[in-house]
Ligand SMILES: [Zn+2]
């Protein structure tokens, strides 16, 4: 590496450090210097191009104590944003996210996409994205799919078969004129609990249910995808060797006992909101259906916990909605099946992000990339 390259790398590393500190919270140059360990001179030097490029803005001076008035730096309110989009079996969702981690706009619209072509789906995604992105510069888009993604291509999506093998990221990138990153919805929902705010620590499993059941496994602050993108397929962990046949070809998979469609059918309800109302009213059929699902889910989660030794399990998506009624059954199975469970108490919590976790993670994929590789902000 030449000296010039080396200096450039050091400068980018310092920029990353400052941006990460600002994602945490705004601060004056002196405060940022103290938080990052950089000198005030280096800090002023690094802030210059970020201010000139409209990434940061300097707030009016405020008098703090006896010292000189400080002028806090923060991300510019008209600065670049990222957009996240979710293509699901029964809905489309989008969200725009600023570099400071604030949600600007979001939408969720019901849509039956099981038989839709890639072109139809992208038409609708694009229209929705245009509704939520205003005049602010767009850094890029994250696209979430309920399927297995490998090298930017959907390799398996049992519920959206027409999207398999389609160049979705490339097509959307051409339409929007920005970079598009494609990933699995369970991984992105997990990422939303890691970035821009740590909501569940750096080691956890985020479990969510729709038609299928997905788990996003986060180890050491990174989503673990596996070699081919198949990691975290909790729905197809077998809990009964000769159990109910599954669409995957196996038998007795968790999904056949704890999937949302199974819960709804057993409860005699068609939609999640109707199930929720039945649970609130103490409807015994609904309560039993959710408890049975919780028992099966708890067995699957105990297996995950035994494999990965994570301290926290987050129930997200529709499981977060049903959390109060799922909790006891899941907890009870974990308590009796996690090895040495008494000594390393695994936390079981509901996700605070609800149905927008996936799109928040999809947008976060882009803002995180921009902060970790600050050269992208000047492209
Ligand atoms: Zn299966």
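The values are calculated or read from the model by the stated rules, or taken from the named source; none is laboratory data. Values in this document were obtained by computation on a predicted structure and should not be read as measured data. Virtual Cβ from ideal backbone geometry, glycine too; neighbours counted across all protein chains shown.
The number of residues in region 163-178 that are touching a residue at least 40 places away in the same chain (Cβ under 8 Å) and either in contact with a strand residue (DSSP E or B) (Cβ under 9 Å, 6 or more places away or on another chain) or buried (at least 17 other Cβ atoms within 10 Å of the Cβ) (or both) comes to 7. Only a single item in (1) buried (at least 23 other Cβ atoms within 10 Å of the Cβ); (2) within 16 Å of the ligand (Cβ to nearest atom); (3) within 26 Å of residue 93 (Cα to Cα); (4) not assigned by TED's automatic domain parsing to the domain that holds residue 93 is not met by residue 186, and it is number (4). Residue check: is residue 287 farther than 21 Å from residue 206 by Cβ and either within 24 Å of the chain's Cα centre (by Cα) or at pLDDT 95 or above (or both)? It is true that residue 287 is farther than 21 Å from residue 206 by Cβ and either within 24 Å of the chain's Cα centre (by Cα) or at pLDDT 95 or above (or both).
Pick from 302, 320, 296: which is over 24 Å from residue 149 (Cα atoms), part of a helix (DSSP H, G or I) and within 15 Å of the ligand (Cβ to nearest atom)? After applying the criteria, what remains is 296. With respect to residue 272, determine if the residue is within 16 Å of the ligand (Cβ to nearest atom), closer than 17 Å to residue 214 by Cβ and modelled with pLDDT under 95. For residue 272, the condition - within 16 Å of the ligand (Cβ to nearest atom), closer than 17 Å to residue 214 by Cβ and modelled with pLDDT under 95 - is not met. Beta carbons closer than 7 Å, at least 6 apart along the sequence or on distinct chains, pair a first residue in region 231-248 that is not assigned by TED's automatic domain parsing to the domain that holds residue 186 with a second that is part of a helix (DSSP H, G or I) and within 10 Å of the ligand (Cβ to nearest atom) for 235/255; 236/255; 243/256; 244/256; 246/236; 246/255; 246/256; 248/236. Going through (1) surrounded by 14 or more Cβ atoms within 10 Å (Cβ to Cβ); (2) touching a helix residue (DSSP H, G or I) at 6+ places or on another chain (Cβ under 8 Å); (3) in the same structural domain as residue 129 (by TED's automatic domain parsing) one by one, residue 19 falls short only on (3). Of everything listed in (1) farther than 26 Å from residue 347 by Cβ; (2) surrounded by fewer than 16 Cβ atoms within 10 Å (Cβ to Cβ); (3) touching a strand residue (DSSP E or B) at 6+ places or on another chain (Cβ under 9 Å), the single unmet condition for residue 284 is (3). Among the candidates 368, 376, the residue that is in a helix (DSSP H, G or I), under 28 Å from residue 49 (Cα atoms) and in contact with a strand residue (DSSP E or B) (Cβ under 8 Å, 6 or more places away or on another chain) is uniquely 376.
Of the strands (runs of 3 or more DSSP E) lying entirely inside region 14-103, those containing at least 2 residues that are without any contact (Cβ under 8 Å) to a residue 60 or more places away in the chain span 56-58, 73-75, 91-98.
Would you check which residues across region 227-244 are farther than 18 Å from residue 292 by Cα and within 11 Å of the ligand (Cβ to nearest atom) and list them? Within region 227-244, 233 is the sole residue that qualifies.
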